[in-house]
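All remarks here apply to the structure that follows.
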Amino acid sequence: MANIKSAKKRVVVSAKKAARNKAIRSNVKTVVTNVEKAVASGDKAAAESALKVATVAIPKACSKGILHANNAARKVSRLTKAVNAMD
């Protein structure tokens, strides 16, 4: 453990930020999985509603710096393409 006061604060702050980033990253994975499951089951209505949730969560994670912009765009694009390909 650090002895200097500012170093102690950095440990606390970085732990808090890491927990926040992990929660957001986990949420992104969850919404992506929900869309993929709905597509796999063939339920277009469920897939579209899950896609709406995902297209909000992914860019929000990007704006907070959790995901790179191209990574976020690629995820949204692939999910949208998968849902649109359903019949």
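The values are calculated or read from the model by the stated rules, or taken from the named source; none is laboratory data. In this text, all values refer to a predicted model and were calculated from it rather than measured experimentally. As a convention, Cβ positions derive from the backbone with ideal geometry for all residues, glycine included, and neighbour counts pool all protein chains shown.
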| remark: Residues of region 49-87 being at pLDDT below 95 and of a type outside the set (Asp, Glu), in sequence order, are 86
| task | Considering each of 82, 57, 73, 15 in turn, give the residue that is in a helix (DSSP H, G or I), surrounded by fewer than 11 Cβ atoms within 10 Å (Cβ to Cβ) and without any contact (Cβ under 8 Å) to a residue 60 or more places away in the chain. | result | 15
| note | When restricted to 28, 35, the only residue closer than 22 Å to residue 17 by Cα, in a helix (DSSP H, G or I) and not hydroxyl-bearing (Ser, Thr, Tyr) is 28
